[in-house]
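The values are calculated or read from the model by the stated rules, or taken from the named source; none is laboratory data. On a predicted model such as this, the values are computed, not experimentally measured, just so you know. Neighbour counts are summed over all protein chains in view; Cβ atoms, including those assigned to glycine, are modelled from backbone coordinates with ideal geometry. These accessible areas exclude ligands, DNA and RNA; they are computed on the full protein's heavy atoms, side chains included. Shrake-Rupley method; radii C 1.70, N 1.55, O 1.52, S 1.80 Å.
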Amino acid sequence: MASVHESLYFNPMMTNGVVHANVFGIKDWVTPYKIAVLVLLNEMGRTGEGAVSLMERRRLNQLLLPLLQGPDITLSKLYKLIEESCPQLANSVQIRIKLMAEGELKDMEQFFDDLSDSFSGTEPEVHKTSVVGLFLRHMILAYSKLSFSQVFKLYTALQQYFQNGEKKTVEDADMELPSREESERKMEKEELDVSIREEEVSCSGPLSQKQAEFFLSQQASLLKNDETKALTPASLQKELNNLLKFNPDFAEAHYLSYLNNLRVQDVFSSTHSLLHYFDRLILTGAESKSNGEEGYGRSLRYAALNLAALHCRFGHYQQAELALQEAIRIAQESNDHVCLQHCLSWLYVLGQKRSDSYVLLEHSVKKAVHFGLPYLASLGIQSLVQQRAFAGKTANKLMDALKDSDLLHWKHSLSELIDISIAQKTAIWRLYGRSTMALQQAQLLLSMNSLDSVNAGVQQNNTESFAVALGHLAELHAEQGCFAAASEVLKHLKERFPPNSQHAQLWMLCDQKIQFDRAMNDGKYHLADSIVTGITALNSIEGVYRKAIVLQAQNQMSEAHKLLQKLLIHCQKIRNTEMVISVLLSVAELYWRSSSPTIALPVLLQALALSKEYRLQHLASETVLNLAFAQLILGIPEQALSLLHMAIEPILADGAVLDKGRAMFLVAKCQVASAASYEPLKKAAVLEAAIENLSEAKNYFAKVDCKEQIRDVVYFQARLYHTLGKTQERNRCAMLFRQLHQDLPFHGVPLINLL
């Protein structure tokens, strides 16, 4: 038995010039890179307190942990990292490694013999139980177990490692070096962040168990918090395949492979990796050792639960429900209340379109609080608030509920859920049409620092909530005509979330919608039509709605009406109230543009009733504008004007710039129409007030570059100036109208000429 045990656990082997042990046995082995790190540690111990400044020693200490835990890197990269922290020590390390590599084998032997002196004396340089002390002891032990032939191979590998490093250093020296100031700024920006990059991983040999664990934990953390700093999907999968080649039963590597495949929406590979993870978890006996006989069943029920979540993510709801039923059955047999709570949460996700789904959710929150699961309880409250917001509950009740969940977050330091809560508040205020409050909440999230000290240089601001908040911020700026600011926000979003990242679709949709609105405002309907394809790929409902708007603008009324009717039926079926109201407004606009305002009135009243019931202020204000315009067309401008006075305050307070311009333009039209029967002096005063409102409307339209609306405004101003006998002002407006009319197509929309 002894010989079998020995061959299994202490069977050193050589791969790619690196001496290492079987991955099931020794947790560490000696490599040329680790010899270089040992030289660095030795030089730090030999250097006196006065030779290295306090700031340099602090930087070196910050550098040590990533060097000890991370994968092997090239010698030139190691020199560069040391030089950024302490140039003097980098020179000493370089000379020491050069002497060892260009000397003889006995120099390396002597070096390892001298390492033991670090622990000797009454006040040793290194404590045996410290991180550095444990690393030194592991290296000394691993080196002492090598045979002579293995020592010779290690020395040959060290010489090759040194020669490759020298070649790289010479190549770098030939290139143009940045100035010292640029280097310092770069180092301050990176803050000694030694995160694992592709070139570092690719140069390393097989990872030891500790290096593999560090690599997996760091990449998993980056995928969750800052995907841009993680390896690309292809590179990460390559490294994971390399890890699994040496240890196929490394369960954590299979799970990271599952997360990596989720990034690229690969349903087959992600399912394959997830099943392998739980298979290996059972095979290795990790669960049964920690949980007794219960461990086996625990792995099975959580495997089924994770499989249900995976199918739900990809929209395979039937398969998700079957997997969830299996998880519930096993959890009930084992009396696992925690697993059952997770299953209950996923039951709500699968059935949230049903009318009674809130009952499941309320029950889930109560049970989560009872079993002391704050994370699940908070997520349940967030989902409940979201559901109540779509159901039209008052904002004060929703904010009170979110306040209760925030207490849970702060009490249990759930920083991720704090970010989600603030992003949700931003979305709710936008849904209710309160743009100022939404802007405040978005900026609050962006100004918050992360509460979690994740890995070095990682800030918890590349999560989905951050992308949602920035997307709202870009759209809010675009609504107010600040397109330059919106572009800057989108540019920042593109840097934070590259196109291949999992949250990139959020900013892509915002970008496409802003481009579409700008094209429509500018009268470039052919360009807007091409953008619709991109919107449809990201959100099919939004894409169909925008297509109908383009058809309507191009006077293709019958096609637009058919599309809107189909969309209306679909949105009513899935209970998308916000889109139902938007479609009703577009249908009403089709009617009054087709000279049928009486048919538009019932549609507008239906839209107004829905927007009031669900407290959608923005859509309610837009509906009132359409109602007032319909009344104006029907010849009752006084009632239209009184209706506008009731609705204009929320529009001017929280509405988009385009809506503000439309409201002021409509007020001017109603003023002119109602002044038709006035006496001359009173009529002149009303027309002067209408001209001022038209000027204000023109300023609003100019902010969003809405040339078609500006053309209508200046035409109307010219008519009013002509009525008042102001020839010079009339000619100026007429000339501007002519310029715009030549640039823009005219679609035959009737203007109100009641003067």
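Here are the numbers for the structure shown:
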read-out	value
Note, ³J(HN,Hα) from phi for the range 434-443, Karplus 6.51, -1.76, 1.60, rounded to Hz, x at Gly and Pro	9, 5, 5, 5, 4, 5, 5, 5, 4, 5
Probe 1.4 Å, all protein chains present, accessible-area order of Arg96, Arg263, largest first	Arg96, Arg263
Length gained when the stretch Gln209-Arg738 is fully extended (0.36 nm per residue, less Cα-Cα span)	182.8 nm
Value in Å of the Kirkwood radius, where the range 45-121 supplies the Cα pairs that are averaged	14.0
Set of lysines with alpha-carbon distance to Lys612 below 19 Å, sequence-local pairs under 8 removed	Lys393, Lys397
Kirkwood Rh (inverse of mean 1/r, distinct Cα pairs), the range 616-754, angstrom	15.3
Portion, in percent, of the accessible area of the range 616-754 that falls on carbon or sulfur, probe 1.4 Å	54
FRET efficiency estimate (nearest 0.05) - Cβ-Cβ, Lys366 to Ser595, R0 56 angstrom	0.45
Cβ-defined net charge surrounding His561, 15 Å radius [Lys, Arg +1; Asp, Glu -1]	+2
Percent breakdown of C-alpha pair distances by 5 Å bin, ordered from the shortest bin, for the range 324-434	2, 12, 22, 21, 21, 12, 7, 3, 1, 0
Estimated FRET transfer efficiency (Gln606, Thr436; beta-carbon r; R0 30 Å; 0.05)	0.55
Extended-chain gain in nm, criterion 0.36 nm per residue less alpha-carbon gap, Thr232 and Gln318	27.8 nm
Full-stretch length increase - Glu613, Phe112 - with 0.36 nm per residue and alpha-carbon distance subtracted	172.4 nm
Packing-based order for 671-681, 705-715, using average beta carbon neighbours within 10 Å, highest first	705-715, 671-681
Alpha-carbon Rg with Dmax, taken over the range 25-170, Å	14.8, 44
For peptides 298-305, 231-238, 466-473, sequence by mean Cβ density within 10 Å, most packed first	466-473, 298-305, 231-238
Cα-projected label distance for Ser540 with Phe119, points at 7 Å along beta-carbon direction, nm	6.6
Pairs beyond 19 Å (Cα-Cα), from Lys524/Lys703; Lys34/Lys80; Lys34/Lys77	none
Filtered trypsin sites (Lys or Arg not before Pro), the range 326-383: DSSP coil and at most 10 other beta carbons within 10 Å	Lys353
Sites Lys682 and Glu578 - FRET efficiency at Förster radius 45 Å, r taken between beta-carbons, to 0.05	0.55
